[in-house]
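*Asks:* Once you've had a glance at the structure underneath, I'll fire off some questions.
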Amino acid sequence: MFFCGNNLSMKYYFPSSSGASVYNDGQITTAIIDNNGRKRVGIEKTKNKIIFWNIFLLRGLQYFFCGMVAQINAFVLTDKLHTDLGEEKLLNKVAEKLNIATRYVQLITASLLGLIIGFLGFDLLPSYLSNLIFEDNGVVQGLIIALIKIAFIFIIFLFLRFLPFMQGLYKFNGGCNQIVNSGEKSTQISKFSPHYALNYLNFLIFSLLLSTFVIHLSNISVNFYMNAIYNFLILLGCISISYEILWAISVTKQKWLKDFVLFTSFLVSVRPSISQEEIVRTTLIENTSFKGLEEVKDDNLPMSALLAEMQTKLVYADRYEKSDVEWIIATVLNMNRAEIKLVRSVSQKQYREIMRATERRAKGEPLSSIFGYVDFYGIKIDINKKVLSPRMETEILVDEVIKQAKNFKKPEICDLCTGSGAIAIALAKNIDGKICAIDVSKSALQVAESNVKKQEVRVELIESNLFEKLKRNRKFDIIVSNPPYIPSKDIEKLSVEVRKFDPRLALDGGDDGLDFYRKIILASVTRINKNGYLYFEVGKGQAERVRKLMKESGFIDTKVIKDYNGIERIVYGKIG
């Protein structure tokens, strides 16, 4: 099929009464909600050919004719999905009896209805009313006929808004517009208007109104055949001009011009429900992420529909992160993130488990708490409410200690405030040396002990307030710590996932957040071997103050390392 676009990856959205279709790069993807409320998807190949898209005026004609075929196909593909499910429709039965394709029955039916409505509402009645007022065929009479016809168009489309079939069509149309207005960003769901100037249905209405006005205002009258030719040429001209007007509105930054589109758009676009948003989003995800994969069979839910629903739920809760979505799915399916990209669908049981986890995440519960573990440095670390969930930034701290440990032969390393034991275990797996882990919390050490056993590493676990229970002469080559560093007054300002699910003992760093740094620095001076190192993870804005404290206590060569976001996160120094 010939289709319009300014490059091969452009997408075009067309609504139906129970779903939507998107055309992109030789593929037509359709998603629907069936009569049982299930989400279904279908994919068909098509031949797209781009012609004169950048040619002024001609591009409008291409959009009109190609879009007409595409819109009909959107209805046909939606109907086909229902039929594949055994949901027989009247038109399918008619098509079967006549032994012709359903799409031709739909096209013929729509054409006949259009001719009847057009003949009665747009020709006989307006002409009759104008003749009652005027006897001549002048410009004024043409203007009156045009205004009457335009009024009838508005009345008819306002009436159609109340029909169940059309309501679904208009809401899915609004959903298509919201995706276009959001730039197809999943993190912007429902924050954009359901109106868009170049929406195909809006383009049709605008072209119809403009051509109606111009044809009757020109009031050309020669003979029947010449009149038909003139009117057809005027129609083509109005289609081209309408496109250029709407294109200008779509790219302008002037709000009053963008609002002008409401003059016609409100007739064919309605703000969609959350479910309708998800269906349109499903169509987009299906088209861009699952090309070439097999059709979804049985009662399974398409992965695209699952992703759309998860995105919507998390976005409305203002907690959407793509990595969270992937982690939830991968965990429930017992796969890694790379593997889930090839998964076409999920079972109903898997769907329920995934959505339960998604709902908990939407309420602010961290994934580590939902699943009881976190992936840290490639290691599965079990956690609970008694220990702090290790963060991705802490992996930088481990990286730096491993690099430094290479300068020692079988180094002795101490992890202070170990919590879940994540740092100590990661070091034990990557360093040939002796590792000990200290924490004042007995319950935290129980979690650390369990993790040490599961990972089958050798780590000495000690319950102690810093070095109190260690022999006085025991020293280490490297001491590493990620101590509590949140100022007491700021704890209530933290996000729900930290404030509610991490233990306060692992967060509270005193009035300025530096209490533990002061204690550890003073205690470490006599616990580090000559030329040994002290490593810290610090909070945002604390690096220079911690570095100053280390210098004041005799540490040299103190340095600061930034994390993935450019925040000064690691501070370390050497005892000379």
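*Asks:* Among (1) of a type outside the set (S, T, N, Q); (2) part of a strand (DSSP E or B); (3) modelled with pLDDT under 90, where does Lys386 come up short?
*Replies:* Every listed condition holds for Lys386 apart from (2).
*Asks:* Can you tell me which residues in the stretch 147-178 are of a type in the set (A, V, I, L, M, F, W, C) and within 14 Å of Pro194 (Cβ to Cβ)?
*Replies:* Selection gives Leu169, Phe172, Cys176.
*Asks:* Show the residue pairs meeting these rules: Cβ distance below 7 Å; 6+ apart or different chains; first residue within the stretch 449-466 and in the same structural domain as Ile438 (by TED's automatic domain parsing); second residue loosely packed, with under 13 Cβ neighbours inside 10 Å.
*Replies:* Listed pairs, sorted by first residue: Ile462/Lys469; Glu463/Lys442.
*Asks:* So Thr252 ticks every box in (1) modelled with pLDDT under 90; (2) within 20 Å of Ile150 (Cα to Cα) but one. Which box is left unticked?
*Replies:* Result: Thr252 fails condition (2) only.
*Asks:* Which of the residues spanning the stretch 322-340 are part of a loop (DSSP other than H, G, I, E, B) and either at negative phi or surrounded by 13 or more Cβ atoms within 10 Å (Cβ to Cβ) (or both)?
*Replies:* The answer is Met335, Asn336.
*Asks:* Thr358 is checked against (1) in contact with a strand residue (DSSP E or B) (Cβ under 7 Å, 6 or more places away or on another chain); (2) of a type in the set (Val, Ile, Thr); (3) modelled with pLDDT of 90 or more and fails just one. What number does that condition carry?
*Replies:* Unmet for Thr358, out of (1) in contact with a strand residue (DSSP E or B) (Cβ under 7 Å, 6 or more places away or on another chain); (2) of a type in the set (Val, Ile, Thr); (3) modelled with pLDDT of 90 or more: (1).
*Asks:* Suppose we keep only residues that are assigned to a loop (DSSP other than H, G, I, E, B) and of a type outside the set (A, V, I, L, M, F, W, C) within the stretch 390-407. Which one would you say is surrounded by the most Cβ atoms within 10 Å (Cβ to Cβ)?
*Replies:* Step one: of the stretch 390-407, the residues assigned to a loop (DSSP other than H, G, I, E, B) are 390-393, 406-407.
Then drop every residue that is not of a type outside the set (A, V, I, L, M, F, W, C), which leaves 390-391, 393, 406-407.
Values: Pro390: 25, Arg391: 18, Glu393: 16, Lys406: 10, Asn407: 11.
Going through the qualifying residues, I end up with Pro390.
*Asks:* For the stretch 426-534, which helices (runs of 4 or more DSSP H) that fit wholly inside it have 3 or more residues that are at pLDDT 90 or above, on the phi < 0 side of the Ramachandran plot and over 39 Å from the mean Cα position of the chain (by Cα)?
*Replies:* 442-455, 515-524
*Asks:* Right, something else. What single numbered condition from (1) surrounded by fewer than 17 Cβ atoms within 10 Å (Cβ to Cβ); (2) among the aliphatic types (A, V, I, L, M); (3) touching a strand residue (DSSP E or B) at 6+ places or on another chain (Cβ under 6 Å) fails to hold for Val343?
*Replies:* The one condition Val343 does not meet is (3).
*Asks:* While we're looking at this one, here's another question. Consider the stretch 550-576. How many of its residues are surrounded by fewer than 21 Cβ atoms within 10 Å (Cβ to Cβ) and either under 46 Å from the mean Cα position of the chain (by Cα) or of a type in the set (D, E, K, R) (or both)?
*Replies:* Selection size over the stretch 550-576: 15.
*Asks:* Which one of the conditions (1) at pLDDT below 70; (2) surrounded by 18 or more Cβ atoms within 10 Å (Cβ to Cβ) does Leu129 fail to meet, given that it meets all the rest?
*Replies:* Result: Leu129 passes all but (2).
Conditions tested, residue by residue: (1) under 20 Å from Leu160 (Cβ atoms); (2) touching a residue at least 12 places away in the same chain (Cβ under 8 Å); (3) touching a strand residue (DSSP E or B) at 6+ places or on another chain (Cβ under 6 Å); (4) surrounded by fewer than 21 Cβ atoms within 10 Å (Cβ to Cβ).
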site	(1), (2), (3), (4)
Asn199	yes, yes, no, no
Phe206	yes, yes, no, no
Tyr225	no, no, no, yes
Ile229	no, no, no, yes
Cys238	no, yes, no, no
Tyr243	no, yes, no, no
Leu246	no, yes, no, no
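*Asks:* If I filter the stretch 161-203 down to residues being at pLDDT 80 or above, of a type in the set (A, V, I, L, M, F, W, C) and outside any loop (DSSP other than H, G, I, E, B), which single residue comes out as nearest to Tyr63 (Cα to Cα)?
*Replies:* In the first step, residues of the stretch 161-203 are kept if they are at pLDDT 80 or above; the result is 161-162, 166-182, 193-203.
If we keep only those that are of a type in the set (A, V, I, L, M, F, W, C) too, we end up with 162, 166, 169, 172, 176, 179-180, 197-198, 201, 203.
Adding the requirement that they be outside any loop (DSSP other than H, G, I, E, B) leaves 166, 169, 172, 176, 179-180, 201, 203.
Values: Met166: 23, Leu169: 20, Phe172: 20, Cys176: 17, Ile179: 19, Val180: 17, Leu201: 11, Phe203: 9 Å.
Taking the candidates together, the pick is Phe203.
This table checks each residue for (1) hydrophobic (A, V, I, L, M, F, W, C); (2) surrounded by fewer than 20 Cβ atoms within 10 Å (Cβ to Cβ); (3) out of contact with any helix residue (DSSP H, G or I) (no Cβ under 6 Å at 6 or more places or on another chain); (4) touching a residue at least 24 places away in the same chain (Cβ under 8 Å).
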{"residue": "Glu353", "(1), (2), (3), (4)": "no, yes, no, no"}
{"residue": "Glu365", "(1), (2), (3), (4)": "no, yes, yes, yes"}
{"residue": "Phe376", "(1), (2), (3), (4)": "yes, no, no, yes"}
{"residue": "Leu388", "(1), (2), (3), (4)": "yes, no, no, yes"}
{"residue": "Ala422", "(1), (2), (3), (4)": "yes, no, yes, yes"}
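*Asks:* Checking Leu57 against (1) surrounded by 15 or more Cβ atoms within 10 Å (Cβ to Cβ); (2) modelled with pLDDT of 75 or more, which test does it fail?
*Replies:* Evaluating Leu57 over (1) surrounded by 15 or more Cβ atoms within 10 Å (Cβ to Cβ); (2) modelled with pLDDT of 75 or more leaves (1) as the failure.
*Asks:* Find the residue count for the stretch 540-550, including only residues that are under 14 Å from Pro484 (Cα atoms), touching a helix residue (DSSP H, G or I) at 6+ places or on another chain (Cβ under 9 Å) and not hydrophobic (A, V, I, L, M, F, W, C).
*Replies:* 1
The values are calculated or read from the model by the stated rules, or taken from the named source; none is laboratory data. All figures in this text were calculated on a predicted structure; none of them were measured in a lab. As a convention, Cβ positions derive from the backbone with ideal geometry for all residues, glycine included, and neighbour counts pool all protein chains shown.
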